[in-house]
1. If THR393 satisfies every condition in (1) among the β-branched types (Val, Ile, Thr); (2) under 25 Å from SER473 (Cβ atoms); (3) open to solvent by 60 Å² or more (accessible area, probe 1.4 Å) but one, which is the exception?
2. Just to be sure I understand the filter: pairs with C-beta atoms under 6 Å, separated by 6 or more residues or on different chains, first member in region 349-366 and touching a residue at least 12 places away in the same chain (Cβ under 8 Å), second member buried (at least 22 other Cβ atoms within 10 Å of the Cβ) and of a type in the set (Ser, Thr, Tyr). Which pairs pass?
3. Considering region 100-148 alone, what residues qualify as being among the β-branched types (Val, Ile, Thr), assigned to a helix (DSSP H, G or I) and surrounded by fewer than 19 Cβ atoms within 10 Å (Cβ to Cβ)?
4. Being open to solvent by 70 Å² or more (accessible area, probe 1.4 Å), of a type in the set (Phe, Trp, Tyr), more than 30 Å from VAL213 (Cα to Cα) and modelled with pLDDT of 75 or more, is that true of even one residue in region 62-76?
5. Exactly one condition in (1) assigned to a loop (DSSP other than H, G, I, E, B); (2) open to solvent by 20 Å² or more (accessible area, probe 1.4 Å); (3) of a type outside the set (Lys, Arg) is not met by GLY455; state its number.
6. Being in contact with a Ser or Thr (Cβ under 9 Å, 6 or more places away or on another chain), open to solvent by less than 20 Å² (accessible area, probe 1.4 Å) and not hydrophobic (A, V, I, L, M, F, W, C) is the filter here; which residues of region 239-285 pass it?
7. Quick one: SER404 ticks every box in (1) surrounded by fewer than 20 Cβ atoms within 10 Å (Cβ to Cβ); (2) more than 26 Å from LEU491 (Cβ to Cβ) bar one, so which box is it?
Amino acid sequence: MNEQSSIPEQRHRRWYWPFGRKNAAETTFYQPYGDAIPPRIEEPLAPLKKPRVKWWWISRALAAGLFIFILLIAYLAITAPLSKSLQPIAPPQITLLTSDGQPFARNGAVVDAPVEVAKLPDHVMQAFMAIEDRRFYSHWGIDPRGLARALWSNMAGSGITQGGSTITQQLAKTTFLTPERSLTRKAREMLIAFWLETWLTKDEILERYLSNVYFGDNVYGLRAASLHYYYRQPENLKLEQAIVLAGLVQAPSRLAPTRNPELAEKRANLVKSAMVSVGYLSQNEADELGPAKLDVRAKNALPTGTYFADWAMPQARALTDLSYEKLTLTTTLDARLQDIARKAVARAPLGQAQVALVAMRPDGEIVAMIGGKDYAKSSFNRVTQAKRQPGSTFKLFVWLAALSSGMDADDMVDDTPITKGGYLPKNSGEKYRGEISLKEAFARSSNVAAVRLFGQVGDKAVIREARNLGIRSKLATDDPSLALGTSTTNLLELTAAYAGVAGNSWPIEPYAFEKEEQSWAEWLFDWPGRYDSDTHQNMEVLLRSAVNTGTGRRAMLSIPNYGKTGTSQNNRDALFVGYAGEGDKRLVVGVWIGNDDNSPLKGISGGGLPARIWKGFMQQAVQAKKPARPAKPVKKPDPEGPIIPLDLPTVPEIPIDIGDAELRIDGDSGVRLGTEIGGIPIDLRIDGDGVAIERRPEENPSGQNP
């Protein structure tokens with residue numbers, strides 16, 4: 001076999017350069033070495049690029065403009081929905097009624113139904129266009145000629161001060177924008193004006209403008225204004241009346257004819273001159289017009305209301321749709337109970353201190369609320385807004401945690417001084433009783449027993465009970481002083497927690513308007529919390545003992561009642577919270593006394609004046625006997641009638657000085673004779689329950705937490 005035949009024949013490989021197709025040049029491999037020699041490839045020259053013509057740039061500019069336009073439409077649809085221009089710019093008037101139909105508060109603007117341009121006399125629209133927007137039906141939302149004319153008129157001092165905003169711009173400003181003065185706001189105003197002109201007809205724009213513009217005296221819209229100033233519908237307005245109303249738009253508060261008739265008349269003359277210059281009136285017709293005579297019918301003052309009204313009004317707004325209709329809503333406020341509360345507070349010798357009282361049913365229905373001594377002097381609501389320490393009223397949650405853990409009212413707890421640890425509380429007056437029952441410790445409001453129980457059940461268990469009963473305020477963790485009520489809350493929240501115990505159903509949400517009945521599905525998935533019968537009965541035994549034998553004796557009634565006193569550190573707050581009555585008539589009431597500057601009270605503790613106010617209220621609200629004969633029928637209250645005064649100071653009880661004794665006469669609580677026998681102060685009371693003699697208790701000056 002020859003040498004050449006021993007060398008295997010190599011197949012020719014094809015190499016496409018570079019990554020060419022099948023017909024690309026072939027690479028040759030030379031034997032015997034097989035070295036590859038790439039072929040010579042001649043690359044074709046790239047074709048010359050043609051210059052981009054102007055249509056290319058125009059098409060891309062149009063695409064970019066279309067994209068920006070779509071974004072702008074989306075932005076306006078979100079920030080300036082057309083439906084918003086159909087809504088009143090001010091919340092309409094709401095009248096609140098007590099549960100028996102008596103009006104006690106009104107709040108909101110006077111508005112009425114929108115107007116229709118087709119039904120209005122021509123001179124009404126002409127008066128507004130002449131002074132506000134002469135070219136309204138010919139421009140696209142912005143009037144350059146009007147801007148220039150207004151600028152020239154104002155600079156030349158022609159006597160007619162004009163603005164450059166069109167009616168469309170004014171609608172955009174009042175409906176969608178804030179009253180700030182800035183170039184950004186002005187640019188947005190113009191943009192929204194174009195938007196309104198694109199999607200609404202001129203008549204629709206004018207209708208929405210006239211239905212919303214402000215005319216002074218808390219009146220919005222042409223219909224409400226014509227009824228307010230001339231007691232006639234806008235479809236029947238006379239020319240001179242329309243001229244006056246058109247003139248008010250520039251400065252309604254200052255030009256209102258009920259306040260400044262001279263300025264209103266001067267402005268009306270300017271409107272007439274504008275109508276003459278436009279051609280709506282001849283000079284002779286303008287000269288023959290006389291002044292428009294006002295016809296303002298008797299209206300009551302419309303106060304924003306009372307402490308209760310200030311709390312209830314936001315709920316009322318949330319319950320109603322924003323419309324032009326005046327609304328009348330019936331609340332849960334009981335006029336009789338509110339009056340009793342007002343008198344109970346007015347009789348109390350508060351000095352410079354403030355007071356708050358709230359009464360509710362066990363389900364949270366608020367029937368009375370006093371947020372301070374005098375709403376006219378201070379509208380700050382100390383029931384809902386003041387965050388103060390609850391003191392020993394917070395011990396409710398400590399004892400509930402102990403009972404829920406399996407303890408009993410008769411179980412024993414150590415009531416001796418705490419000498420170890422970082423927190424060393426003391427009892428009021430530093431009085432200790434050794435080993436006592438949970439019942440006695442609660443009745444005596446033992447601070448050391450409360451802290452020991454707190455340490456035994458743990459802070460999480462106590463906080464859990466507070467949260468279950470509706471306390472939403474911040475509560476400190478790992479802090480034994482929490483057992484003595486050092487975390488702040490408000491009186492409404494605290495009283496609602498006691499309402500949860502009173503009805504054995506929690507949490508309780510206080511409400512001012514009748515609630516809809518729960519459906520079976522809502523009831524099934526929103527099951528209220530309840531305590532087992534043993535825990536609830538034991539807790540009521542503790543609350544009853546606090547009134548009968550403990551720190552709350554001054555609140556004791558002749559019927560079963562339950563409650564707890566509270567005094568915060570250094571006597572800054574004094575409280576009594578409790579309940580009495582049976583079934584649907586049961587009332588839960590909280591009373592607070594303190595100074596707005598958080599300074600200490602002088603000689604007032606929870607078991608003193610707050611307990612007496614609570615008792616005075618409950619004696620009339622729950623304990624009072626029913627009249628022997630039915631009351632005389634009274635006239636049904638008129639919701640449009642005068643407001644009944646619910647938060648005005650009342651006449652206090654009448655003291656009569658008779659030497660060493662003091663006689664006090666009051667129509668609600670009867671007669672009280674205060675004197676001393678053997679140096680011991682006593683009170684002799686004569687009221688609907690008969691005659692009672694009791695020792696006059698002294699206020700606790702220690703500053704502890706009874």
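1. All conditions are met except number (3).
2. Listed by first residue and then by second, the contacts come to VAL358/THR495.
3. Across region 100-148, the qualifying residue is only VAL117.
4. yes
5. (1)
6. Answer for region 239-285, where residues must be in contact with a Ser or Thr (Cβ under 9 Å, 6 or more places away or on another chain), open to solvent by less than 20 Å² (accessible area, probe 1.4 Å) and not hydrophobic (A, V, I, L, M, F, W, C): just GLN241.
7. Checking SER404 against (1) surrounded by fewer than 20 Cβ atoms within 10 Å (Cβ to Cβ); (2) more than 26 Å from LEU491 (Cβ to Cβ), the one that fails is (2).
Okay, residues lined up against (1) more than 30 Å from ASP597 (Cβ to Cβ); (2) open to solvent by 30 Å² or more (accessible area, probe 1.4 Å); (3) touching a Leu at 6+ places or on another chain (Cβ under 6 Å):
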residue	(1), (2), (3)
GLU288	yes, yes, no
PRO291	yes, yes, no
ALA316	yes, no, yes
GLN352	no, yes, no
ARG361	yes, yes, no
ASN381	no, no, no
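The values are calculated or read from the model by the stated rules, or taken from the named source; none is laboratory data. Predicted, not measured: the structure shown is a model, and the values here were computed from it. A quick note on method: Cβ atoms are made from the backbone with ideal geometry, for glycine too, and the neighbour counts reach across all protein chains shown. Calculation scope for accessible area: heavy atoms of the full protein, side chains included, ligands and nucleic acids excluded. Shrake-Rupley method; radii C 1.70, N 1.55, O 1.52, S 1.80 Å.
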